[in-house]
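A short write-up of the structure that comes next.
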Amino acid sequence: MLRYIGGSESEGHFALINEACSMFAHTNPLHLDVFQSVARFEAEVVAMTADLLGSKEKASGAQVCGNMTSGGTESILLAVKTSRDYMKMKKGITSPEMIIAESAHSAYDKAAQYFNIKLRRVPVNKEFQADVKAIRQHINRNTILIVGSAPGYPHGIIDPIEELGKLAYSYGICFHVDLCLGGFVLPFASKLGYPITSFDFTVMGVTSISVDVHKYGLAPKGTSVVLYRNHDIRKHQFVAVTEWSGGLYVSPTIAGSRPGGLIAGAWAAMMSLGQAGYLENTRKIMEVSKMIQKGIKEIPELFIIGKPDMTIVAFGSAVLDIFEVNDIISSKGWHLNALQRPNSIHICVTLQHVPVVDTFLQDLRDAVQTVKENPGPISGGLAPIYGAAGSMPDRGMVQELLVNYMDGTC
Ligand SMILES: *Cc1c(COP(=O)(O)O)cnc(C)c1O
C-alpha cells in the first residue's frame, strides 16, 4: 500500500512513531500481567477509535468494545468469525452464508475460505453502491452477515449504511461496516461540512466495524481496530483453551504473541495528531480530492465512476485504453491502482499529493493525449521484466528494481 503522509511533515511524525515502536518492541500483550503498559495502550486506541465512531452517542447503545489487530484483513477475518459463532449461538445456523457487494474487499473472500462460509457476491447498483434490494433477495435462513463499506476500496463510494442496517436488523442478522479506509476520514469530513451519510454505531443494526489505523490514521503498518456493538457479540471472538498442558490460555485475536511495539506506535500516532491533526489532514486531502475530480471532469476522454464520497477517485474511459494511460503515468512516478467492471484506475489521495496536485493533473492530461495519438499497445512501463525474449533478468536489474520500489511504496 502507499504512504499516507508525505514531505517534511512526515519526518517528525515518523521519528516519534519509530521511537515508540522501538521502546516497546520487546513487549507482548499476550502477557497482560507483565506488560500492563501495552494493554493500556491497546485499550486506549480502541476507546479513542470507538469514540470517533459513535460509541458515546446514545443511539449506539454505548457498549462498544474491541481489539487491535494486524490490519484490515485481520479485523475483517475476526468480525466474520465472530458473527458466524454469534449467529450459531443465536439462531443455530450451521451452514453459514454471507452476502456482500461486488465492491467489498477481497478480505471477505479470504474469510469465507478460512471459516467455511458460503459467500454470495451481489452486483452494485447504478451508483456503484451496494444494492440493498439485491442483497435482500439473497437473504435466507442461513444468512449470518451482510456487509457495507464506507467507502469501498475500488471506487471510494459509501454504501447505503442506514438501509443495510435496517435490513439486517429486521432479519436479526449481523451487519459489518468496513471503515478500513474511511474510519479516520469520514468523521472529520462530516465535521467539515461535507455531506456524508451515516456510517457508524449510531446506525441501528450495525454489529461490527473494522477501521485501519495504519491507513489514514497514520500509524505504523500492521495496526487496525475491530469493534463490536457489545460484549455479547465480541465474546465469540475469543479462543480460550483449558485442555492443554500449558494451563489456561486466552487469546482475543488471530495471533498468539502480538507486537506491543506496533500498539505503542499506533497510540503515539493518535495521541500526537489528535482530533485537530486528523481534522486538518482531512481538510487538505478532501480539497485535493475535489480538485482532482474537477480536473478529471475537464478531460473529455475520461469519466469518473459514480460520485466519490471521500479521497478515492476512480475513473475510466469510453474511448481510450485506461490501462495504457496508467502505464504512462506510472512511468512518471504516480501510483494508481487498476480496477475492473468497468476497466478503470483509482487514485487514493493522501497528504503526499497535496503539494503536487497540479503536476498530477498535467501528467494525466499529457498521458491521455499520448494514448489518444498512439492507439494500440505502447512499449515501456513494467512489461519487459519477464516478457522480453532473450533478456534474462539479472541480479543487478533486480537490485535496481528493489531500490525503485523502495522509493515509491512503503
Ligand atoms: C485496505 C482495506 C482492507 C484490507 O486492509 P489491509 O490492511 O490491507 O489488510 C479492507 N477493506 C477496505 C475498504 C480497505 O480499504
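The values are calculated or read from the model by the stated rules, or taken from the named source; none is laboratory data. Only a predicted model underlies this, so the values are computations on that prediction, with no experimental measurement involved. Glycine also receives a Cβ, built like all others from the backbone with ideal geometry; neighbour counts cover every protein chain displayed.
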Practice task
From Ser95, Ser103, Ser55, Ser75, grab the single residue that is closer than 29 Å to Ile345 by Cα, of a type in the set (S, T, N, Q), in the same structural domain as Leu179 (by TED's automatic domain parsing) and assigned to a loop (DSSP other than H, G, I, E, B).
Solution key: Ser103
Completion exercise
The correct count of residues that are surrounded by fewer than 20 Cβ atoms within 10 Å (Cβ to Cβ), touching a strand residue (DSSP E or B) at 6+ places or on another chain (Cβ under 8 Å) and closer than 25 Å to Ala50 by Cα in region 66-121 is 1
Practice task
Would you check if Gly183 is crowded, with 24+ Cβ neighbours inside 10 Å and within 27 Å of Arg341 (Cβ to Cβ)?
Solution key: yes
Exercise for the section: Read through the list (1) more than 14 Å from Glu74 (Cα to Cα); (2) touching a helix residue (DSSP H, G or I) at 6+ places or on another chain (Cβ under 6 Å), then give the number of the only condition that Ser224 fails. Expected result: (1)
Practice task
Report yes if some residue within region 212-224 is under 22 Å from Leu30 (Cα atoms), of a type in the set (D, E, K, R) and surrounded by fewer than 20 Cβ atoms within 10 Å (Cβ to Cβ); otherwise report no.
Solution key: yes
Handout entry: Odd one out for Ile292, checked against (1) more than 16 Å from the ligand (Cβ to nearest atom); (2) in the same structural domain as Ser22 (by TED's automatic domain parsing)
Key = (2)
Exercise for the section: Check whether at least one residue in region 78-91 is among the small types (Gly, Ala, Ser), over 21 Å from Thr202 (Cβ atoms) and in contact (Cβ under 8 Å) with a residue 40 or more places away in the chain, and report yes or no. Expected result: no
Problem - Leu192 vs. criteria under 23 Å from Ala276 (Cβ atoms), within 15 Å of the ligand (Cβ to nearest atom), outside the structural domain of Ala314 (by TED's automatic domain parsing) and at pLDDT 95 or above - result: no
Exercise for the section: Have a look at Met87, Met68 and point out the one that is more than 13 Å from the ligand (Cβ to nearest atom) and either modelled with pLDDT of 95 or more or within 16 Å of the chain's Cα centre (by Cα) (or both). Expected result: Met87
Problem - Pair list, Cβ under 8 Å, 6 or more apart: region 127-151 residue of a type in the set (Asp, Glu), other residue in a strand (DSSP E or B) and within 15 Å of the ligand (Cβ to nearest atom) - result: Asp131/Ala101; Asp131/Val124
Handout entry: Evaluation of Val356 against (1) surrounded by 22 or more Cβ atoms within 10 Å (Cβ to Cβ); (2) without any contact (Cβ under 8 Å) to a residue 12 or more places away in the chain; (3) of a type in the set (A, V, I, L, M) (one fails), failing number
Key = (1)
Fill in the blank from the handout: Here the qualifying pairs (Cβ atoms under 8 Å; residues six or more apart or on different chains; first in region 175-203 and in a strand (DSSP E or B); second surrounded by fewer than 20 Cβ atoms within 10 Å (Cβ to Cβ)) come out as Phe175/Tyr169
Handout entry: Out of Ile146, Ile157, sole residue that is part of a loop (DSSP other than H, G, I, E, B) and within 16 Å of the ligand (Cβ to nearest atom)
Key = Ile157
Fill in the blank from the handout: Picking from Leu364, Leu382, Leu402, the residue that is farther than 27 Å from Gly217 by Cβ and modelled with pLDDT under 70 would be Leu382
